[in-house]
Amino acid sequence: MGKKECMQAAYRRLVDGDECAKSGVPRGYVPMLVGSEMERFLVHTKLLRHPSMVALLEMAALEFGYEQEGILKIPCDPGYFSQVVKVISKAK
């Protein structure tokens, strides 16, 4: 799987051994670590303007501050995050 296949979805949960995880972050995507297990996701930047995503980003700012170093951390359940992003991406 090349970068083209990695970029076709509005978001992607990355797991160990995933070719998208090995090839780096495609242009137009933001890597995020979600939940206490720090599951990795790639989220398209177009989804970041949606009010539900803004709420999750504000929650992250309250929890970790505005000056997070490294990959953006989102303090919510990975299953919930995945559902939110699925709903947002279907609405787009």
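The values are calculated or read from the model by the stated rules, or taken from the named source; none is laboratory data. In this text, all values refer to a predicted model and were calculated from it rather than measured experimentally. Don't worry about glycine lacking a Cβ; one is built from the backbone with ideal geometry, like all the others, and counts go over all protein chains shown.
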### Query
For region 79-92, which residues satisfy the criterion of being among the basic types (Lys, Arg) and in a helix (DSSP H, G or I)?
86, 90
### Message
Can you pull out every residue in region 45-60 that is in contact with a helix residue (DSSP H, G or I) (Cβ under 8 Å, 6 or more places away or on another chain) and not in a loop (DSSP other than H, G, I, E, B)?
### Response
47, 48, 52, 53, 54, 56, 57
### Query
Of the conditions (1) farther than 18 Å from residue 29 by Cβ; (2) of a type in the set (Phe, Trp, Tyr); (3) surrounded by 11 or more Cβ atoms within 10 Å (Cβ to Cβ), residue 81 fails just one. Which one is it?
(1)
### Task
Test residue 21 against the criterion of being among the hydrophobic types (A, V, I, L, M, F, W, C), in a helix (DSSP H, G or I) and at pLDDT 60 or above, and give yes or no.
no
### Task
Taking residue 45 as meeting all but one of (1) surrounded by 14 or more Cβ atoms within 10 Å (Cβ to Cβ); (2) closer than 12 Å to residue 85 by Cα, write down the number of the exception.
(1)
### Message
Show the residue pairs meeting these rules: Cβ distance below 8 Å; 6+ apart or different chains; first residue within region 72-92 and closer than 17 Å to residue 58 by Cβ; second residue part of a helix (DSSP H, G or I) and of a type in the set (Ser, Thr, Tyr).
### Response
84/52; 88/52
### Query
Restricting attention to region 62-78, which residues are loosely packed, with under 13 Cβ neighbours inside 10 Å and part of a helix (DSSP H, G or I)?
62, 63
